[in-house]
Structure formats: structure tokens, C-alpha cells
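The structure under discussion appears below in the form of C-alpha cells.
The values are calculated or read from the model by the stated rules, or taken from the named source; none is laboratory data. Bear in mind the structure is a predicted one, so any value in this text is a computation, not a measurement. Counting neighbours? That spans all protein chains shown, and the Cβs are built from the backbone with ideal geometry, glycine included. SASA here: full protein model, heavy atoms, side chains in, ligands and nucleic acids out. Shrake-Rupley method; radii C 1.70, N 1.55, O 1.52, S 1.80 Å.
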Amino acid sequence: MKDFRGGTAVITGAASGFGRATSLALAERGMRILAADLDLPGAERTVELAARLGPGGAAYAVDVADVAAMEKFADAVKAEHGVPDLVMNNAGIAITGPFLDTSFEDWEKIIGVNLTGVVNGSRIFGRQMAERNRGLPRRERSGHIVNIASAASYTPVRSLPSYCTTKAAVRMLSECMRADLASEGIGVTCVCPGFSGTNIARNSLVAAGVPEEVAERLHRRGERALRLRGYPPSKVAARIVKAVERNEAVVSVNFEGHLAHYAARFAPSVNRLIARIPAGF
Ligand SMILES: NC(=O)c1ccc[n+]([C@@H]2O[C@H](COP(=O)([O-])OP(=O)(O)OC[C@H]3O[C@@H](n4cnc5c(N)ncnc54)[C@H](O)[C@@H]3O)[C@@H](O)[C@H]2O)c1
């Protein structure tokens with residue numbers, strides 16, 4: 001996408017973190033923001049902030065893991081605002097804990113949001129974009145899908161088995177989609193950020209197999225670590241906008257994002273060694 005002005009962007013997980021920051025960056029570029037989240041007041045606040053910078057938009061309460069809810073959401077978007085030009089599948093959660101303590105329910109939950117949520121958003125809105133593009137000359141076809149993975153997609157971490165697995169799956173899914181949807185005129189970008197100061201530790205971090213008070217401590221530690229990292233979501237958002245403009249395939253963001261990527265390519269044994277460092281539960 002070269003021209004954002006006048007376009008419409010659907011962003012999941014838009015109430016907070018990267019979702020809100022990217023909504024505001026795109027609003028500044030003249031896009032209408034359709035903010036979807038479990039947290040409706042948070043999504044409404046994002047739209048309110050976006051309206052100060054650009055043409056505004058609308059907020060929707062949606063669970064990305066629920067295919068029927070996503071179909072209904074997409075029908076509403078099409079009826080009320082037309083087919084979106086950009087879709088960012090960003091909603092995500094984190095579960096930490098040793099593999100043997102990560103329950104089947106934990107796996108179902110994280111796969112539902114982090115992977116099925118991305119499949120749902122990509123399939124349902126991708127189909128809308130492809131249908132709109134059919135019949136248009138190739139150079140006029142348009143649409144872009146951004147999937148948020150993580151630096152954790154490149155490297156194993158002993159205390160994040162379910163998170164790393166879902167993020168690696170999102171990266172591969174995005175590569176397959178990119179190969180497939182190019183002929184429909186739809187670009188696909190996968191973004192792999194390192195740590196950034198969002199609310200993910202407070203909003204969604206679940207510590208598997210540890211007592212309540214330890215989980216509470218881990219939450220606080222996670223929040224503090226992300227804050228101290230000092231990499232604001234607005235910087236990630238700026239990189240996402242640039243990646244969409246250039247139709248980049250896979251984009252690592254910040255120092256640890258690049259480090260994990262290069263180590264996975266050129267020194268995977270270093271990643272494997274770091275992966276063994278105990279999380280200190
Ligand atoms: N913060 C980081 O350091 C970091 C690094 C790499 C990747 N990520 C990824 O970035 C994405 C955004 O996370 P963030 O850090 O901005 O976290 P965040 O918690 O600040 O924002 C995530 C948003 O997703 C929403 N959400 C959660 N489950 C949902 C569901 N089922 N349906 C709809 N909305 C849902 C939450 O309500 C929240 O508003 C996630 O996919 C996360 O895994 C984060």
C-alpha cells in the first residue's frame with residue numbers, strides 16, 4: 001500500500017498496546033479505524049483518540065477466537081464501511097510456564113487467540129478483499145494483511161512453549177498466505193517485535209502450574225521488565241506502517257527482534273543455549 005489516505009483499517013486487539021499505537025499511526029495517515037477488541041471501552045477510547053488525528057472510525061466488541069463472532073463482525077464492517085483496505089491481526093495473549101505444567105486448556109486458549117484468531121481475520125477479510133479485487137485490472141487490485149507474531153517466533157524459550165509455538169505458526173502462516181494471496185493483489189506482512197512496553201503482562205499473562213502468589217509476582221515482574229525495556233509501542237507502530245508501505249514480508253523490530261532473527265539463521269545453537277536459562281519460577 002502506498003496511499004493510506006481515505007482507506008479503512010480493521011485492527012484487532014485495538015484497545016491497547018500495538019493495536020492502539022498502530023491505529024493512531026494509521027489515523028494520522030488519513031485512515032478510518034475500525035477497532036476490534038474484547039475490551040469495548042478500550043476500543044472506543046482508541047477510536048476517540050484516532051478521531052483527533054484523522055477521519056475517526058468505529059469500535060466493535062469481538063473475540064477473535066470465535067469464528068461466528070468474526071464472521072458477524074466482518075459482515076457488519078462490509079455493510080457499514082465497505083471492504084477494508086488493511087487488516088491487522090494483532091490481538092494476542094501470553095502464557096508462561098514449563099511445558100509439563102501447561103495444561104490442555106492453556107494450549108486451547110492460546111492457540112484460539114494467537115493462531116486461530118489470525119486465521120479467522122485473514123480468511124474472512126481476505127475473502128472480502130479478493131472478491132472486491134476480482135474483475136479489476138491487476139495494477140488496481142489492493143489490500144494488505146498484517147499479522148503480529150513476535151521475536152519469540154525465531155527462538156525457543158523453555159518457559160514460553162505455547163507462546164513461541166503460536167508465534168512461529170503465525171510467521172509460517174503469513175509466508176504461505178503471502179505466496180498465495182499475491183495473485184489476488186493482497187500483500188501480507190508478518191511483524192516480529194522484541195520486548196515493548198505494552199499492557200500484555202497485565203492484560204493476559206497466565207503463569208501455568210504455579211500458585212496464585214507466584215503468578216502475581218510473575219505478572220508484576222513481567223510488567224516491570226517490559227516498562228524498563230523502554231521501547232514504546234509507537235515505535236513498533238511506525239515500523240509497521242513503513243512495512244505496509246513497502247510490502248515487506250517479515251519484519252523484525254528492535255534489538256532483540258533482530259538478534260533472535262540473526263541468531264536463528266546463523267547461530268541457532270546460541271538460541272538453544274539461551275533457551276535453557278531457567279525462568280526462576
Ligand atoms: N509487548 C510485547 O513485548 C510484544 C512483543 C512481541 C509480540 N507481541 C504481540 O503483539 C500483539 C499485541 O500485544 P500487546 O503487547 O500490544 O498487548 P496488549 O495486552 O497491550 O494488547 C492486546 C490486546 O488484545 C486484546 N485481546 C486479547 N484477547 C483477545 C481476543 N480473544 N479477541 C479480541 N481481542 C483480544 C486485549 O484485550 C488487548 O487490548 C500480541 O499478539 C502479542 O503477542 C507483543
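A few comments on the model shown:
- Hey, residue 63 within 10 Å of the ligand (Cβ to nearest atom), open to solvent by 50 Å² or more (accessible area, probe 1.4 Å) and closer than 30 Å to residue 185 by Cβ or not: yes
- Sole residue being open to solvent by 10 Å² or more (accessible area, probe 1.4 Å), part of a helix (DSSP H, G or I), more than 24 Å from residue 234 (Cα to Cα) and within 14 Å of the ligand (Cβ to nearest atom), chosen from 113, 119: 119
- Condition met for residue 19 (within 16 Å of the ligand (Cβ to nearest atom) and touching a helix residue (DSSP H, G or I) at 6+ places or on another chain (Cβ under 6 Å)): no
- Hey, residue 167 of a type in the set (Lys, Arg), on the phi < 0 side of the Ramachandran plot, within 12 Å of the ligand (Cβ to nearest atom) and open to solvent by 40 Å² or more (accessible area, probe 1.4 Å) or not: no
- Scanning the stretch 147-160 for residues that are of a type outside the set (Val, Ile, Thr) and either in a loop (DSSP other than H, G, I, E, B) or surrounded by fewer than 22 Cβ atoms within 10 Å (Cβ to Cβ) (or both) yields 149, 150, 154, 156, 158, 159, 160.
- Residue list for the stretch 135-173, restricted to those being in contact (Cβ under 8 Å) with a residue 40 or more places away in the chain and among the basic types (Lys, Arg): 138, 141, 158, 167, 171
- Residues located in the stretch 1-50, provided they are over 22 Å from residue 203 (Cα atoms), open to solvent by 60 Å² or more (accessible area, probe 1.4 Å) and in a helix (DSSP H, G or I): 28
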